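Before any comments, here is the structure.
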Amino acid sequence: METTNQVSKEEEAEEQRKDLVVSKEEEEEEEVEEEAHPYSFHVSGPRNLSTLNWRDLIYSTWKDSNYKRTVIACFIQAVYLLELDRQEKRTQETALAPNWWIPFKYKLTQTLIDERDGSIFGAVLEWDRAAAMADLVLMRPSGAPRAVLALRGTLLKSPTMRRDIEDDLRFFAWESLKGSCRFKLALEVLKSASNSFGGSNVCVAGHSLGAGFALQVGKALAKEGIYVETHLFNPPSVSLAMSLRNIGEKAESAWKKLKSMLPYSGQESRAGEEGDTNKNLGLKSWIPRLSSFKNSGFGVGKWVPHLYVNNSDYICCSYNDPGGDGGVNKENVAPPGNGPVAAKLFVVTKERQKFHEAHGLEQWWSSDAELQQAIHSSKLISRQLRSLYSGSGTSSQVTTQGKS
């Protein structure tokens, strides 16, 4: 009987040991799955920046445009993940977003919340002096912003998709996002950061819809004489308002050409001129009067936004259309130094890319994102910035950099 009980206890102990082993294996598998999340920094983040140390932070170089583009894109990715962490109820220990700013010695100081659905659409990241000092980084690297306002684009997830698309349609219809509560809050936060740290120490950046907001809040501050560094990844360029405006301009141009072909003299000339003025006013009255084209008096060349576009992305590719005809017009090519720089345009020209890849944010921290420089004028950028340069009397120039 004792032997039987002893065997039974040994079997029970063996089963418990097996259960414990299985339980540990399951926990390890869960940890591996968590670590291998596709949005984890070490999985999908930049490969060449995975092991930063104090030497990298000091000597690396925020002055290098490739490095700066990479880090700013990572900050925008962090905003996407802040909202996904919120939606999926991740804890502080399991959150994915922090790892996208911690390696660069920045900290989260504010999140921007959409009052309509409670979603996170932006965040302010500031240089973390304490974390830097802990790693013997005694000073902020030259060229590194004191604060960055990062704005995400559209998330096709049910909790926030409705409000994101609502603002997408707002831009498509009017080419203005000023009616959105996000514009008001982003402008207030950016202005506050500029007042605290100085405009030269502040940066605003966005992707897709977020780039649309970043462009318009950056331009709004520029009109007030506050010039913040601006980075726009895959900014939206297609709108119904711009299309109608183009149609109106073409119709007006056709009328002027027709008028020049008609014979006139004396009273007919004067009467014709008065009639032409009235007709032109009537023609222009239906062209959308966009608020972004009304103001002037801007100091030329003091605010130069950086635009990052992909030719395979139909949402932003129009920014790389020099003459509005989809091709490169050699007559529009301007030599370096000919007039003030209106914007810096960085272009990816890979062929046969799917839209999802071409519009994605990940391409901008890719290790093979080497840029070559070219220069031409872009009518679309000129129109976007017309109100800032209309008082100068000089033609704007667009610096364009492309990837082969």
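Going through ALA95, ALA144, ALA130, ALA123 one at a time, which residue ends up being assigned to a loop (DSSP other than H, G, I, E, B) and free of Cβ contacts under 8 Å to residues at least 60 places away in the same chain? Don't jump to the end; show me each part of the working.
Values: ALA144 fails: free of Cβ contacts under 8 Å to residues at least 60 places away in the same chain; ALA130 fails: assigned to a loop (DSSP other than H, G, I, E, B); ALA123 fails: assigned to a loop (DSSP other than H, G, I, E, B).
On inspection, the qualifying residue turns out to be ALA95.
Residue under question is ALA205, and the condition is that it be part of a strand (DSSP E or B) and surrounded by 16 or more Cβ atoms within 10 Å (Cβ to Cβ); does it hold? Break it down into steps so the answer makes sense when it comes.
On the way: part of a strand (DSSP E or B): yes; surrounded by 16 or more Cβ atoms within 10 Å (Cβ to Cβ): yes.
Here the answer is yes, as ALA205 does meet what is asked.
So is LEU112 assigned to a strand (DSSP E or B), modelled with pLDDT of 90 or more and within 25 Å of LEU221 (Cα to Cα) or not?
Criteria met by LEU112.
Return the total of residues in segment 90-121 being farther than 21 Å from PHE213 by Cα, among the aromatic types (Phe, Trp, Tyr) and touching a strand residue (DSSP E or B) at 6+ places or on another chain (Cβ under 9 Å). Working first, answer last.
Step one: list which residues in segment 90-121 are farther than 21 Å from PHE213 by Cα, which gives 90-107.
Next cut, among the aromatic types (Phe, Trp, Tyr) only: 100-101, 104, 106.
In the following step, the residues that additionally are touching a strand residue (DSSP E or B) at 6+ places or on another chain (Cβ under 9 Å) were identified as 101, 104, 106.
Summing the residues that are farther than 21 Å from PHE213 by Cα, among the aromatic types (Phe, Trp, Tyr) and touching a strand residue (DSSP E or B) at 6+ places or on another chain (Cβ under 9 Å) in segment 90-121 gives 3.
Just need a number here: residues in segment 32-85 that are assigned to a helix (DSSP H, G or I), of a type in the set (S, T, N, Q) and at pLDDT 80 or above.
So the first thing to find is which residues in segment 32-85 are assigned to a helix (DSSP H, G or I), and the list is 32-35, 41-44, 47-49, 54-59, 65-85.
From what is left, the residues that are of a type in the set (S, T, N, Q) are 44, 48, 65-66, 70, 77.
If we keep only those that are at pLDDT 80 or above as well, we get 44, 65-66, 70, 77.
Summing the residues that are assigned to a helix (DSSP H, G or I), of a type in the set (S, T, N, Q) and at pLDDT 80 or above in segment 32-85 gives 5.
Can you give me the ranges of the strands (runs of 3 or more DSSP E) entirely in segment 298-389 with at least 1 residues that are buried (at least 18 other Cβ atoms within 10 Å of the Cβ), at pLDDT 55 or above and in contact with a Phe, Trp or Tyr (Cβ under 8 Å, 6 or more places away or on another chain)? Give the derivation first.
Numbers: elements: 306-310, 341-348, 372-375.
Qualifying strands (runs of 3 or more DSSP E): 306-310, 341-348.
The values are calculated or read from the model by the stated rules, or taken from the named source; none is laboratory data. As the structure is a computational prediction, the values presented were derived from the model and not from experiment. Methodologically, a virtual Cβ is constructed for each residue, glycine included, from the backbone with ideal geometry; neighbour enumeration extends over all protein chains shown.
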